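The numbers here are math on the coordinates, done by the rules we state, and not lab data. For clarity, every value in this text was computed on a predicted model and none was experimentally measured. So basically every Cβ, Gly included, is an ideal-geometry build from the backbone, and we count neighbours across all protein chains shown.
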């Protein structure tokens, strides 16, 4: 016997199946509300937040945030290592820790769990490079006192040679949005006596003439819900006697209204 379904019956079947699949997904993972990945977007040097003329000042702000942590914190991150600054029209920008310092022996550094609001912007450093007059980052290669051009060249050298630089948000590759930006003017790099790199005199407490180059992502406000950011960087140091650097980090970001 042959049965013919009316359009109404077919439509009812489709709706039933859609509701069934939705119910299965909710039951299998009831505790998490994942935001729509289509809501992820980024600022760039040519697309700026309201009231902002340049993203460059964020480079110096991030470096001073990162070094404002103790040596103990550098090897034992809290569950969420973050800070914030304001820019433009009193817009809050959240900084995350340096993934190049995320090591296997420091579980928290590779598995961060952070909460921000849907009104905040997120600045995620992918890989940074910096050089100051008070340090000898390349012993024998650079003199102690360097002009701005030498400092920038030194910072850029520390960012070579990248074999892989990949970031995924909620499983989607967003690496094409990574910004590579350098400082055009030296900035004052403030180093406290107890700092994350265990730097000492003469750089501690002084006015450190510094230049930097950062690879970073600058997120527009994220949709409310839970997001996962996964990062992987592979870098081949210029010095042949140094091992290949392989950085892996993950951030679970909960965005609240």
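What the table below lists for this structure:
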quantity: Virtual spin-label span in nm between residue 220 and residue 239, 7 Å along Cα→Cβ; calculated: 4.4
quantity: Cβ-Cβ FRET estimate between residue 119 and residue 252, R0 fixed at 25 Å, reported to 0.05; calculated: 0.80
quantity: Taking 80, 131 and counting other C-beta atoms within 10 Å, the order from fewest to most; calculated: 80, 131
quantity: Residue 173 versus residue 90: modelled label distance in nm, points set 7 Å from Cα along the beta carbon direction; calculated: 4.2
quantity: Likely footprinting exposure, 42, 95, fewest C-beta neighbours within 10 Å first; calculated: 42, 95
quantity: Per-q log10 I(q)/I(0), region 39-256, q = 0.11 Å⁻¹ (Debye; single scatterer per alpha-carbon; no solvent); calculated: -0.53
quantity: Relative packing of 112-118, 237-243, which averages over residues the other C-beta atoms within 10 Å, highest first; calculated: 112-118, 237-243
quantity: Stretchable slack from residue 184 to residue 204, in nm (0.36 nm times residue separation minus alpha-carbon distance); calculated: 4.8 nm
quantity: Theoretical FRET efficiency, 1/(1+(r/R0)^6), r = Cβ-Cβ of residue 197 and residue 108, R0 22 Å, to 0.05; calculated: 0.75
quantity: Mean projection area, nm², convex hull over Cα of region 161-246; calculated: 8.7
quantity: Full-extension gain in nm, residue 153 to residue 72, via 0.36 nm per residue minus C-alpha separation; calculated: 26.1 nm
